[in-house]
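The values are calculated or read from the model by the stated rules, or taken from the named source; none is laboratory data. Keep in mind the model is a prediction, meaning the values are calculated, not measured. Here the Cβ positions follow ideal geometry from the backbone for every residue, glycine too, while neighbour counts run over all protein chains shown. Heads up: the accessible areas ignore ligands, DNA and RNA and are worked out on the full protein's heavy atoms, side chains in. Shrake-Rupley method; radii C 1.70, N 1.55, O 1.52, S 1.80 Å.
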Amino acid sequence: MKRLAFIPLLLLLGAASQPVAMSVSVVSFPFGHSTATPYVVSDDRGGFAVSWIDRGAKTFNLARYADGKWSKAMPIAQGDLLDNKADYPSIAIAGNDVFAQWRGRAGDGARIRLARSGDGGATWTAPVTPHPAMPREFGFVSMLPLRDGTARIVWLDGREHQTSLRAVTLTRDGTLTSEAVIDARVCDCCQTGIASSPRGPVVVYRDRSDSEMRDIAIVQPVAGARPTMVHEDHWHLVGCPVNGPRIVTRGTRTAVAWFTAPEDKPAVNVAFSRDGGATFGTPIRIDVGHAAGRVDLALLEDQSAVVTWVETGKKTAQILLRRVGENGVLGQPQVVGSGVSPASIGFPRLAVSNEAVLAAWNGEDGIHLVVINSRKR
């Protein structure tokens, strides 16, 4: 896949009706052509941190990016790693605390591995697993660092006859505590999302009702919490679409993006909340008619969101970016990347830091990245 040249991007501010010029430019990723499954977060210092798997070296790595420069790659794990574009490894950062999750092989199955670094990623605790060792499916992890140096972890757990959503806390010394079953019946293989809100951590995931409705729910990751629907799409599906939601928060503001397809009509929606996810406004559809989902989003200081998703074309799959305001004002959709299929792209990830947005995805020649400048000029 050819790398993109500098692309001028004209989008609308979510909180206004006048167009604002944004720019999208390619970021070189200097860590080789065998890299895949990128995950992007803000590093809390005005820059970014990116994790990935190096298929050639069989390592799970972390590097920081700021002011156009990369740090050296820091290894998190090495060995028999599971390389899955849908159930990708990830990191979460709060100051010098870095949390990591990945999956490794264990006999005939796989196990989730969790570790913590207190020195920015230079050294790590011994990895731990939050579930029993058995030939069942476990994965689709999300992590949220907490103020006390711990992190709340959620994942899909297949130890019972149906998939459940569970949570646990990874402590400062790398041990596990406070395990809870959050929802006893959920969609089997859709990604989860977690974020902080004024009412505490909140998790979004694809629910699975007794009648096989596969809509997006939100819940606090504690025992006894009661999930509510972000919106009742009434998507009836006997099977898992492997297409989970994403959530971001900024103070009391919350935004959720997700893929849905009731009556076989695919769409990507975004909904905003002003009360930390307790209630949401009417969903805003942002796709352009051929949605494959695989969403991510970031909230900006002007109360708009930048959203990425994948659409299918006649010959290629495309990664689109669009700005959307809480008032429903939409910017023009912009193609920022492409691949031979959604599977080849994987799940593009993005994060915002100092009002710049970094997006990353799988390419045929390694990981591809672009940086999006969202500030007025």
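In segment 344-370, the residues that are farther than 26 Å from Pro241 by Cα form Cβ pairs under 6 Å with partners that are among the basic types (Lys, Arg), at six or more places apart or across chains, as follows: Glu355/Arg375.
Which residue out of Thr316, Thr312 is open to solvent by 10 Å² or more (accessible area, probe 1.4 Å), in contact with a His (Cβ under 8 Å, 6 or more places away or on another chain), hydroxyl-bearing (Ser, Thr, Tyr) and within 22 Å of Pro38 (Cα to Cα)?
Details: Thr316 fails: in contact with a His (Cβ under 8 Å, 6 or more places away or on another chain).
Exactly one residue qualifies, and that residue is Thr312.
Kindly indicate whether Arg214 is of a type in the set (D, E, K, R), free of Cβ contacts under 8 Å to residues at least 60 places away in the same chain and buried (at least 22 other Cβ atoms within 10 Å of the Cβ). Explain how you work it out, then say what you get.
Numbers: of a type in the set (D, E, K, R): yes; free of Cβ contacts under 8 Å to residues at least 60 places away in the same chain: yes; buried (at least 22 other Cβ atoms within 10 Å of the Cβ): yes.
When the stated conditions are applied, Arg214 passes them.
Within segment 159-178, identify whether any single residue is open to solvent by 60 Å² or more (accessible area, probe 1.4 Å), charged (D, E, K, R), within 23 Å of Pro262 (Cα to Cα) and in contact (Cβ under 8 Å) with a residue 12 or more places away in the chain, and answer yes or no. No; the residues of segment 159-178 include none that is open to solvent by 60 Å² or more (accessible area, probe 1.4 Å), charged (D, E, K, R), within 23 Å of Pro262 (Cα to Cα) and in contact (Cβ under 8 Å) with a residue 12 or more places away in the chain.
Scanning segment 190-206 for residues that are open to solvent by 30 Å² or more (accessible area, probe 1.4 Å) and at pLDDT below 95 returns Pro198, Arg199.
For (1) within 30 Å of Arg274 (Cβ to Cβ); (2) part of a loop (DSSP other than H, G, I, E, B); (3) within 18 Å of the chain's Cα centre (by Cα); (4) of a type outside the set (S, T, N, Q), each residue gets a yes or a no:
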site: Lys315; (1), (2), (3), (4): no, yes, no, yes
site: Ile319; (1), (2), (3), (4): yes, no, yes, yes
site: Ala351; (1), (2), (3), (4): yes, no, yes, yes
site: Leu358; (1), (2), (3), (4): yes, no, yes, yes
site: Trp361; (1), (2), (3), (4): no, no, yes, yes
site: Leu369; (1), (2), (3), (4): no, no, yes, yes
site: Ile372; (1), (2), (3), (4): yes, no, yes, yes
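Consider Ser71 carefully, then state whether it is hydroxyl-bearing (Ser, Thr, Tyr), surrounded by 17 or more Cβ atoms within 10 Å (Cβ to Cβ) and either in contact (Cβ under 8 Å) with a residue 40 or more places away in the chain or under 30 Å from Val370 (Cβ atoms) (or both).
Details: hydroxyl-bearing (Ser, Thr, Tyr): yes; surrounded by 17 or more Cβ atoms within 10 Å (Cβ to Cβ): no; either in contact (Cβ under 8 Å) with a residue 40 or more places away in the chain or under 30 Å from Val370 (Cβ atoms) (or both): yes.
No: the conditions fail for Ser71.
Just to be sure, is Ser209 out of contact with any Asp or Glu (no Cβ under 6 Å at 6 or more places or on another chain), surrounded by fewer than 22 Cβ atoms within 10 Å (Cβ to Cβ) and assigned to a strand (DSSP E or B)? No; evaluated as a whole, the condition is false for this residue.
When we screen Gly56, Gly120 for residues that are part of a loop (DSSP other than H, G, I, E, B), surrounded by fewer than 17 Cβ atoms within 10 Å (Cβ to Cβ) and not hydrophobic (A, V, I, L, M, F, W, C), the only hit is Gly56.
Among the residues of segment 280-302, those that are over 26 Å from Ser344 (Cβ atoms), part of a loop (DSSP other than H, G, I, E, B) and open to solvent by 10 Å² or more (accessible area, probe 1.4 Å) comprise Phe280, Gly281, Thr282, Pro283, Glu301, Asp302. Kindly list, by first and then second residue, each pair from a residue in segment 250-270 that is open to solvent by 50 Å² or more (accessible area, probe 1.4 Å) and at pLDDT 95 or above to a residue that is outside any strand (DSSP E or B) and small (Gly, Ala, Ser), limited to pairs with Cβ atoms under 7 Å and residues at least 6 apart or on different chains. Final answer for the pair search is none. Within segment 27-46, the residues that satisfy the criterion of being at pLDDT below 95, out of contact with any Asp or Glu (no Cβ under 9 Å at 6 or more places or on another chain) and surrounded by fewer than 21 Cβ atoms within 10 Å (Cβ to Cβ) are Asp44, Arg45.
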